[in-house]
Amino acid sequence: MSEQIQFSQAITDIDVIVGDSGDVEPKHHFLKIPVDVNEGAGGKYIYLCYQRSSDGQPVTGITVLEGKGATPPAGWQMNPTDLNQGAGGSYLYIAWTHQRGVPVLDLVVQSADHEPSVPQDYRGRMYTRNPTDLNKGAGGKYIYLSYLQHDPDPAMPDLNSPDVAKRYIPLPGHEHTEWEYGRAQLTPYAMCVRTFSYSLDKAFNQAPHTPETITVTTHEGAENSAVTTFGLEIGVTAGASYGGVEAAINTKMAYSTSQSFTLDKWTDITRTVNLPDSPDSQRFVWGTLCDTVRLFSLTNPNTPIAELTQRTDVHFDYTQKLPGIADLVAPRAAGDDQYTTTPA
C-alpha cells in the first residue's frame with residue numbers, strides 16, 4: 001500500500017443505462033444501482049449509474065427535472081434519457097452539477113409499495129431525498145433517489161506500516177479505529193460498506209528479568225460460514241466457492257485489480273516466541289489487519305445484515321515499557337519465531 005490511501009469517496013459522474021432486461025451493464029468503472037426506475041410500470045429497464053474517480057471533479061448537487069424538452073439550469077448538466085421511457089407518465093431527467101460545494105458521496109434508489117423511509121448510513125448520517133417519484137404518472141412502485149452529501153473522510157494511512165499498527169492496534173482501553181474504503185448499494189434494500197481496521201490478538205506483559213517463551217495463535221483468511229451467508233445475501237448461489245463470492249463483491253463494487261477484495265481459506269497460525277531477559281517490564285502485542293465488508297439495511301443500519309472479514313496477520317510485534325511509549329521490537333534472530341499454519 002502507498003503511504004496515504006484513499007478510495008475516491010466523492011461521486012464524479014452520473015449515467016443512465018437502458019435495456020430490454022435487468023442484465024444491462026454499466027460503463028467500465030461505473031456502479032449500477034440495482035433498482036429499475038421503471039419497476040412495476042412496464043417500459044424499458046432503466047438504471048442509474050455513477051462513477052467515483054480520483055481525478056474527476058466531485059458532483060455537488062443532484063436534481064430531477066420534469067417536462068418534455070426540459071433544460072438544466074446554468075452550470076448543470078443533464079442526461080437526456082427519460083427515466084419513464086416506454087412507461088408513459090411524466091418526462092423525468094436526472095441532472096447534476098460540479099459547482100463549488102459539499103461533495104456527493106453516495107447515491108441510493110429505493111423501491112416500495114408506499115413511500116419508504118429516508119435512508120441513513122451506518123454512522124447515523126441522513127441522506128437527502130429528491131421529492132420526485134421516478135415513476136411519477138406511470139403507476140408501478142414508488143421509486144425515490146436519495147444522496148449523501150458530506151465532507152470526505154481523511155486519507156487512510158499505510159496500514160502495512162509498523163508505525164501505523166503500533167498506533168492503531170486497539171489495546172485494552174484504547175479506541176478502535178476503522179477506515180472506510182468503499183460503499184455501494186448492492187441490493188434494492190441493502191448497502192455494502194468496506195472498511196479496514198486492526199484487531200488485537202494477544203497482549204502479553206513480561207516481568208523484569210524474566211525470560212519467557214509464549215505461544216501466540218492468530219488467524220488469517222475468512223470463516224467459511226461468513227462467506228456462505230454473505231454470498232447468499234448478495235445473490236451468489238448456495239455452495240458458491242470463496243472465489244465466487246470474492247468475484248461477486250469485486251464486480252458489484254466495480255473494483256479495479258489494485259482495489260480488489262480478496263478471500264482466503266481460514267487458517268490458524270501458531271507462533272512460538274522467545275522473549276529474552278529484560279531489565280524492564282514490557283508489553284508485547286500481536287495484531288491482525290481486518291478487511292471487512294458489511295451489508296446494512298438502507299433504513300435500519302444499526303446492525304449489519306451480514307458481515308465478512310478477511311484477516312491478515314501483520315507479521316510484526318511491538319513492545320511497550322510499562323509504563324512508557326511503545327517502541328518497535330528489534331528483528332529477532334533466526335529461530336526465535338517459529339510459525340505453524342493449520343488450514344481450517
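Annotations
- Candidate set: the range 74-96, residues that are outside any strand (DSSP E or B) and free of Cβ contacts under 8 Å to residues at least 24 places away in the same chain; chosen: the one nearest to K136 (Cα to Cα): D82
- Hits in the range 253-297 (condition: in contact with an Asp or Glu (Cβ under 9 Å, 6 or more places away or on another chain) and in a loop (DSSP other than H, G, I, E, B)): S260, F261, T262, L263, D264, W266, P276
- Residues that are part of a loop (DSSP other than H, G, I, E, B) and either closer than 20 Å to A10 by Cβ or not assigned by TED's automatic domain parsing to the domain that holds Q57 (or both), drawn from the range 131-157: H150, D151, P152, D153, P154, A155
- Residues of the range 165-208 classified as among the hydrophobic types (A, V, I, L, M, F, W, C) and either touching a His at 6+ places or on another chain (Cβ under 6 Å) or not in a strand (DSSP E or B) (or both), total: 4
- When T210, T229, T237, T272 are checked against the criterion of being surrounded by fewer than 18 Cβ atoms within 10 Å (Cβ to Cβ), modelled with pLDDT of 90 or more and not aliphatic (A, V, I, L, M), T229 stands alone in meeting it.
- Residue check, I62 touching a Phe, Trp or Tyr at 6+ places or on another chain (Cβ under 7 Å), closer than 20 Å to V108 by Cβ, outside any loop (DSSP other than H, G, I, E, B) and touching a residue at least 24 places away in the same chain (Cβ under 8 Å): yes
- Filter pass, I325 being at pLDDT below 80 and more than 13 Å from the chain's Cα centre (by Cα): yes
- Test for F284: is it within 18 Å of V193 (Cα to Cα) and of a type outside the set (G, A, S): no
- If you go through the range 162-194 and keep only what is closer than 18 Å to R311 by Cα and free of Cβ contacts under 8 Å to residues at least 12 places away in the same chain, you end up with just V164.
- When the range 14-43 is filtered for residues that are β-branched (V, I, T) and either out of contact with any Lys or Arg (no Cβ under 6 Å at 6 or more places or on another chain) or not assigned by TED's automatic domain parsing to the domain that holds W96 (or both), the ones remaining, listed by number, are I14, V16, I17, V24, I33, V35, V37.
- In the condition set (1) surrounded by fewer than 17 Cβ atoms within 10 Å (Cβ to Cβ); (2) modelled with pLDDT under 90; (3) over 22 Å from S111 (Cβ atoms), G40 is compliant with all but (3).
- Taking the criterion of being of a type in the set (K, R) and either exposed (fewer than 13 other Cβ atoms within 10 Å of the Cβ) or in the same structural domain as C192 (by TED's automatic domain parsing) (or both), the only residue of the range 44-74 that qualifies is K68.
The values are calculated or read from the model by the stated rules, or taken from the named source; none is laboratory data. Keep in mind it's a predicted model, so treat the numbers as computed, not measured. For neighbour counting, all protein chains shown are included, and Cβ atoms are generated from backbone atoms with ideal geometry for every residue, glycine included.
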